[in-house]
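To start, the structure itself, in structure tokens.
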Amino acid sequence: MNNIKKALGVLWFLLGPALVALMIWQALDKIGKAAEGAARQNTTLQWGIILFIFIPICIGMMIFGWYALRGEYTKLPGKSEELED
Amino acid sequence: MNSSTTGTNSIRRVISASSVGTLIEWYDFYIFGSLAILIGKHLFPADAGASALINTLAIFAAGFIVRPFGALVFGRLGDLVGRKYTFLLTLVLMGASTFAIGLIPGYKSIGYTAPVLVLILRLIQGLALGGEYGGAATYVAEHAPANRRGFYTSWIQTTATLGLFLSLGVILLTKNMLGDDAFNEYGWRIPFLVSVVLVLISIYIRMKMQESPAFTKLKNEGKTSAKPLRESFRKRGNFKMVLLALFGAVMGQGVVWYTGQFYAQSFIENVCKINFEQSRTILLWAIAFATPLFIVFGALSDRYGRKWIMLTGMLLGVLTWRPIYKTFLELSDTKQQTEITGDAAIERSTEIAAGTNDTVTTTRTEKHFENGIIVKETKKEILPAVASQEIPKVQIKTEKTLPTGTYWIFIALVFVQIAYVTMVYGPIAAFLVELFPTKIRYTSMSLPYHIGNGVFGGLVPFLGTLIVSFTMTEANPAGDPLAGLWYPIGVAGLCFIIGAVYLANKRDENVMD
């Protein structure tokens, strides 16, 4: 099980940047397709909000993957003192 | 029983006092969502159409997005000065901003200042809610005995759903008392204004509460954290648990919750076109039947562990949402149905609009179909008084009334979704409390909770509507109505895998450390 946890860490680590790339690609596509004027402004605003929120979360996913890869989750802490490091 | 935990009578008082305040905060937060379409009409220009709804949902979503910041601000305060005073402050902020939303003039009076002011107040609501829940859950958990922690904290969990129940109830009551026209004109403000009474009662109850025993013990020993934010997120040992809580539990829990309650209501009203009253009473009945399950799953998590109960709820959502929503569409569809001829009623009226002198022709039709559905259509055509003016688009409003049998099938299908909510949400407070140490618990558990619920969950209606809009083409202007479900399915599916692989199922006996 511990090997699966570590191996999946690679997937989570790569999933973060993959999702960012997908969102940027979608944002450019949808903004480009929106009609000039208010519709384009609205689309840009909507995608701006989405990217602003989800990019930090994707970075969090990368860090989670990195921790998993390093075996940080092979044994979960049982006491509060174990969270101190 | 742990020496620092509380007796049965006392814990009941703790739960009541915490729950009433949290219930009112949820009520305040939800009335905005329940009235989104109506608020959009008052905040934005009359010709804004679908973009008014999307912009209002964006303001609605803004309240969710800032919740993690509220979690940081008030979580830190709660770990520094204590749980009691912090969630008293959040209650005051929430009550004041909700009351103020009820007083904001519309777009006609103050133009775009109206949506900007509402956005600011909505942000304050979000910040307050971000601080409230973590405090209430921590407070109850720190009073509860180890073997009943899931059971006792699940009472706090019911408040989120009961807050929605209360908001829908007050809205329906106000609408029925005032009538449609008065409610649409000014009556929608009343549920916001009523909040101030509820908040004052809650403040009175909370003033009488004592500080949590775990926090008091730490404070007396001088062991409270001086820098809770740094200790929560800069220490690897704790931060990795914050990430695990987010990706392995709360992001999935958030989308299950908001799909089962908000997306369901929005879908039934806006996509299936079920009338205002039925679309809300469907949710009211489903909530009433499902709410006891929060307590059941909270208690079961004390016996069997939190992990698999929560993950089962997520998996069931992933597997059944599309069939459930497809059934909603099929049952409310009238295109494939035969109209009962002779039952149709048509009513036409023409009037000259005051001020503009435009000619407004309103045509109301009522059609009856073989499957028992009654469709009421109101068509409004405006002919400008000035001939050179462009003729506005014809406004068509469709409302369907379901026959009793179909109505109860809708309730059953929403009930099933809320049952999933109770599985993921009933045990989550105990799960989060047990993951983090007392001195930084308020901060550490609040952030992942509010990212999971506020961001992943709160964005379900907004992103769902947006994804559906991607599928709209000239040939199919309505798009694929089920496409919006891919967002919650994807998030809950990912969370299920991470939770299944990385989470432990064992219960932490000692949360006083």
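Please count how many residues of the range B:458-471 are over 15 Å from B:C272 (Cα atoms) and within 11 Å of chain A (Cβ to nearest Cβ).
The number of residues fulfilling the criteria is 8.
Please work out if B:D47 is over 20 Å from B:Q157 (Cβ atoms), in a helix (DSSP H, G or I) and at pLDDT below 80.
Values: over 20 Å from B:Q157 (Cβ atoms): yes; in a helix (DSSP H, G or I): yes; at pLDDT below 80: yes.
Yes; evaluated as a whole, the condition is true for this residue.
Can you confirm whether A:A7 is surrounded by 13 or more Cβ atoms within 10 Å (Cβ to Cβ) and either without any contact (Cβ under 8 Å) to a residue 24 or more places away in the chain or more than 10 Å from chain B (Cβ to nearest Cβ) (or both)?
no
Restricting to the range B:221-240, and then to whatever is free of Cβ contacts under 8 Å to residues at least 40 places away in the same chain and within 11 Å of chain A (Cβ to nearest Cβ), can you tell me which residue is nearest to B:L72 (Cα to Cα)?
Ranking the qualifying residues of the range B:221-240, first place goes to B:F239.
Just wondering, is there one or more residues in the range B:327-345 that are under 20 Å from B:G426 (Cβ atoms) and free of Cβ contacts under 8 Å to residues at least 60 places away in the same chain?
No, the range B:327-345 contains no residue that is under 20 Å from B:G426 (Cβ atoms) and free of Cβ contacts under 8 Å to residues at least 60 places away in the same chain.
Hey, A:P77 hits all of (1) outside any helix (DSSP H, G or I); (2) surrounded by fewer than 15 Cβ atoms within 10 Å (Cβ to Cβ); (3) at the interface with chain B (Cβ under 9 Å from one of its Cβ atoms); (4) not acidic (D, E) but one; which does it fall short on?
Result: A:P77 passes all but (2).
If I filter the range B:481-501 for residues that are touching a Pro at 6+ places or on another chain (Cβ under 7 Å) and within 13 Å of chain A (Cβ to nearest Cβ), do I get at least one hit?
no
Is the range B:443-456 home to any residue that is surrounded by fewer than 24 Cβ atoms within 10 Å (Cβ to Cβ), within 14 Å of chain A (Cβ to nearest Cβ) and under 16 Å from the mean Cα position of the chain (by Cα)?
If we filter the range B:443-456 for residues that are surrounded by fewer than 24 Cβ atoms within 10 Å (Cβ to Cβ), which is where we start, we get B:455.
Restricting the remaining residues to those that are within 14 Å of chain A (Cβ to nearest Cβ) gives B:455.
Going one step further and asking which of them are under 16 Å from the mean Cα position of the chain (by Cα), we end up with B:455.
Yes; the residues of the range B:443-456 include at least one that is surrounded by fewer than 24 Cβ atoms within 10 Å (Cβ to Cβ), within 14 Å of chain A (Cβ to nearest Cβ) and under 16 Å from the mean Cα position of the chain (by Cα).
If we only count helices (runs of 4 or more DSSP H) wholly inside the range B:175-283, which ones have 2 or more residues that are of a type in the set (K, R) and either crowded, with 20+ Cβ neighbours inside 10 Å or at negative phi (or both)?
B:213-220, B:236-245
Mind telling me which of the residues B:L329, B:L311 ends up being buried (at least 16 other Cβ atoms within 10 Å of the Cβ) and within 25 Å of B:V255 (Cα to Cα)? Outline the logic, then answer.
Numbers: B:L329 fails: buried (at least 16 other Cβ atoms within 10 Å of the Cβ).
Every option except B:L311 fails the conditions.
Would you be able to tell me the number of residues in the range B:274-305 that are over 13 Å from B:Q417 (Cα atoms), in contact with a Ser or Thr (Cβ under 9 Å, 6 or more places away or on another chain) and β-branched (V, I, T)?
Looking only at that region, the number is 3.
One residue is enough: does the range A:40-48 have a residue meeting the conditions at the interface with chain B (Cβ under 7 Å from one of its Cβ atoms) and of a type in the set (G, A, S)?
no
Are any of the residues in the range B:292-300 touching a residue at least 12 places away in the same chain (Cβ under 8 Å) and within 14 Å of another protein chain (Cβ to nearest Cβ)?
No.
Out of the residues in the range B:224-269 meeting the condition of being among the small types (G, A, S) and under 14 Å from the mean Cα position of the chain (by Cα), tell me which one is farthest from B:I497 (Cα to Cα). Break it down into steps so the answer makes sense when it comes.
Keep residues of the range B:224-269 that are among the small types (G, A, S), which gives B:225-226, B:232, B:237, B:245, B:248-249, B:252, B:254, B:260, B:264, B:266.
The next check asks that each one be under 14 Å from the mean Cα position of the chain (by Cα); those that pass are B:254, B:260, B:264, B:266.
Values: B:G254: 16, B:G260: 20, B:A264: 25, B:S266: 28 Å.
That would be B:S266.
Taking the range B:87-113 only, how many residues are assigned to a loop (DSSP other than H, G, I, E, B) and among the aliphatic types (A, V, I, L, M)?
2
Count, please, the residues in the range A:19-33 that happen to be exposed (fewer than 14 other Cβ atoms within 10 Å of the Cβ) and more than 10 Å from chain B (Cβ to nearest Cβ).
Counting residues in the range A:19-33 that are exposed (fewer than 14 other Cβ atoms within 10 Å of the Cβ) and more than 10 Å from chain B (Cβ to nearest Cβ) gives 6.
Restricting attention to the range B:90-142, report how many residues are among the aromatic types (F, W, Y) and surrounded by fewer than 18 Cβ atoms within 10 Å (Cβ to Cβ).
Going through the range B:90-142 one residue at a time, the tally reaches 1.
The values are calculated or read from the model by the stated rules, or taken from the named source; none is laboratory data. All values derive from a computational prediction rather than experimental measurement. Don't worry about glycine lacking a Cβ; one is built from the backbone with ideal geometry, like all the others, and counts go over all protein chains shown.
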